[in-house]
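Here the structure is laid out as structure tokens; the discussion comes afterwards.
The values are calculated or read from the model by the stated rules, or taken from the named source; none is laboratory data. It should be emphasised that the depicted structure is a prediction, and the values quoted were computed from it without experimental measurement. Note that each Cβ is placed from the backbone with ideal geometry, even for glycine, and that neighbours are counted across all protein chains shown. Areas reflect the complete protein model, heavy atoms only, side chains present, ligands, DNA and RNA absent. Shrake-Rupley method; radii C 1.70, N 1.55, O 1.52, S 1.80 Å.
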Amino acid sequence: MFQDLRDFNSSKFQVSAFILLGFPGIHSWQHWLSLPLALLYLLALSSNILILIIINQEATLHQPMYYFLGILVVVDMGLATTILPKILTILWFSAKTISLPECFVQMYAIHSFVGMESGIFVCMAIDRYVAICQPLSYSSIITKSFVVKATVFMALRNSLTTIPIPVLAAQRHYCSKNQIEHCLCSNLGVTSLSCDDRTINSVYQLLLAWTFMGSDLGFILVSYALILHSVLKLNSMEATSKALSTCTSHLILILFFYTVIIVISITHSATMTFPLIPVLLNVLHNVIPPALNPMVYAFKNKELRQGLCKLLKLDFKGN
């Protein structure tokens with residue numbers, strides 16, 4: 001009878017906040033990670049803001065390709081800002097408590113920004129496909145209106161389809177455990193603490209990942225396969241080199257973005273001997289691309305390098 005009463009009371013109790021413990025297995029020295037993470041965050045903000053300034057000031061960069069790059073930059077900064085300040089407060093001040101509403105808002109923002117980044121990669125793949133495979137039709141297909149419509153569509157797609165993730169998580173009952181072995185409010189990490197069935201949460205996230213992220217990746221791969229096929233038919237080595245150069249930076253970022261997502265999904269699904277691995281990968285996946293993207297584009301794109309040198313008042317010599 002007393003056991004039944006304890007079970008009843010436990011089932012009715014609802015935690016009011018979660019505790020983000022940080023990186024599992026290294027709690028005693030995880031604060032040392034704050035320095036590289038803070039530097040990555042500062043690098044991400046400063047380099048992305050610099051890219052936006054260059055695109056805004058250089059009239060030659062007022063083209064659809066660079067508009068999409070500017071949107072990607074904004075999404076990257078939003079993603080990094082969603083998680084890094086909270087992680088740094090955990091590492092610096094042990095401010096590990098996060099309320100349930102704050103946690104669910106962060107969960108929504110992370111999924112929306114990640115989905116938006118995937119969508120922008122699709123838009124950039126379309127832009128490169130038309131530019132290389134149908135160059136005569138480029139100016140009539142890839143217009144400013146197309147950029148606006150594609151961006152609005154991707155924003156609506158990702159902002160609306162990710163709403164059920166935090167809503168379903170909020171409907172779970174958290175009756176006992178409230179400590180999350182993570183630095184951020186991931187859907188699987190939070191719902192694993194619930195006392196009731198969370199199958200619908202896992203199924204919806206899996207369905208969303210395969211429907212949108214999977215279709216995005218498939219579309220991108222097909223686009224670049226057609227681009228490669230078209231480029232290899234060019235008779236001019238100079239034209240081939242230029243075409244491949246404009247796509248290389250995209251492919252580097254895309255491969256990193258989707259490869260890490262696949263690895264995170266596999267490590268979360270499997271029973272991990274080292275739970276630190278999926279947590280660390282998850283954090284790095286949300287931090288490294290915002291810091292890496294501007295550098296990759298700056299090194300691989302002649303127009304951006306010229307704009308950067310002009311902004312910094314340096315002499316530019318390059319091919």
Labelled set [x] 84, 38, 35; [y] 71, 44, 39; [z] 77, 51, 30; Cα extents along the principal axes in Å computed from this model equals the value at [x]
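Eight or more residues apart or on different chains, and alpha-carbon atoms under 13 Å: count the Lys pairs in the chain matching that. Don't skip to the end; give the middle numbers.
Values: Lys86/Lys96; Lys242/Lys300; Lys242/Lys302; Lys302/Lys310; Lys302/Lys317.
Close lysine pairs under the 13 Å cut-off: 5.
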Residues whose modelled amide H sits under 5 Å from the amide H of Ile180, counting only those 5 or more places away in sequence or on another chain, are Ile19, Leu20, Leu21
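So, for the range 41-89, what is the accessible surface per residue at a probe of 1.4 Å, expressed in square angstrom?
On the way: 1790 Å² over 49 residues.
I get 37 Å² per residue for this part.
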Among Asn56, Asn282, Asn158, the residue with the largest mean-square fluctuation in a Gaussian network model of the chain built from Cα contacts under 10 Å is Asn56
Relative to the chain, whose Cα atoms define the longest principal axis, helix 276-300 and its Cα axis are tilted in degrees, nearest 10, by 20
Candidates Ile19, Ile49, Ile266; GNM for the chain (alpha-carbon contacts under 10 Å) flags as most fluctuating Ile266
Taking Cα atoms, the helix 302-311 axis meets the longest principal axis of the chain at an angle in degrees (rounded to 10) of 80
With +1 on the Cβ of every Lys and Arg and -1 on the Cβ of every Asp and Glu, the dipole magnitude of the chain about its Cα centre, in debye rounded to the nearest 20, is 540
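Cβ neighbours within 10 Å, averaged per peptide: list 123-134, 86-97 in order, most packed at the top. Intermediate results must be reported in sequence, preceding the final value.
Numbers: 123-134: 21.1, 86-97: 16.2.
Packing order, densest peptide first, comes out as 123-134, 86-97.
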Excluding ligands, DNA and RNA, the carbon-plus-sulfur percentage of the accessible area of the range 69-213 with a 1.4 Å probe reads 70
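What is the packing order of peptides 223-230, 24-31, taking the mean over residues of other C-beta atoms within 10 Å and listing the highest first? Show your work: numbers first, answer last.
Values: 223-230: 16.1, 24-31: 13.1.
Packing order, densest peptide first, comes out as 223-230, 24-31.
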Summing -39500 (n - 2.57) over every DSSP H run of at least 4 in the chain, dividing by its residue total and rounding to the nearest 500, the 222 nm mean residue ellipticity is -24500 deg cm²/dmol
Note to self: C-alpha centroids of the range 177-226 and the range 88-108 sit apart, in Å, by 20
Comparing Leu234, Leu284, Leu72 in a Gaussian network model of the chain (Cα, 10 Å), the one with the largest mean-square fluctuation is Leu234
With the dipole of the chain defined by +1 on each Lys or Arg Cβ and -1 on each Asp or Glu Cβ, the option from Leu136, Leu50, Thr162 whose Cα lies farthest towards the positive pole is Leu136
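When ranked by the protection proxy of mean other Cβ atoms within 10 Å per residue, highest first, what sequence do the peptides 59-69, 212-222, 136-146 form? Numbers along the way, then the final one.
Numbers: 59-69: 17.9, 212-222: 16.3, 136-146: 12.7.
Per-residue Cβ counts within 10 Å, averaged per peptide and sorted highest first, yield 59-69, 212-222, 136-146.
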Magnitude of the Cβ-charge dipole (Lys and Arg +1, Asp and Glu -1) of the range 49-149 about the Cα centre, nearest 20 debye, reported as 100
For Ser34, the net charge from surrounding residues (Cβ-Cβ under 15 Å; K, R +1; D, E -1) works out to +2
